[in-house]
């Protein structure tokens, strides 16, 4: 299970443009976000939209992410 320190290291690397760090963050959080969207919306297409919008917003705001906050 990822730890907050692991996430912070990945976020720091992702801020610097490290594609592997971005891919790892996506791999860690996509399944849970998709499941949440599916539960809330009830259909796969809407769940994929929730996932896409959530991940776009998260990565758009990555530069301002506070180290004392959590991703999950």
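Axis of helix 44-60 versus longest Cα principal axis of the chain: the two differ by about 20°, to the nearest ten degrees. Computed from Cα positions, the angle between helix 19-41 and the longest principal axis of the chain comes to roughly 30 degrees.
Based on the Kirkwood radius over alpha-carbon pairs, what is the Stokes-Einstein translational diffusion coefficient of the chain at 37 °C with 0.692 mPa s viscosity, in µm²/s?
Details: Rh = 12.8 Å.
The estimated diffusion coefficient comes to 257 µm²/s.
Quick note: the coordinates plus some simple rules give every number you see, no bench work behind them. Bear in mind the structure is a predicted one, so any value in this text is a computation, not a measurement.
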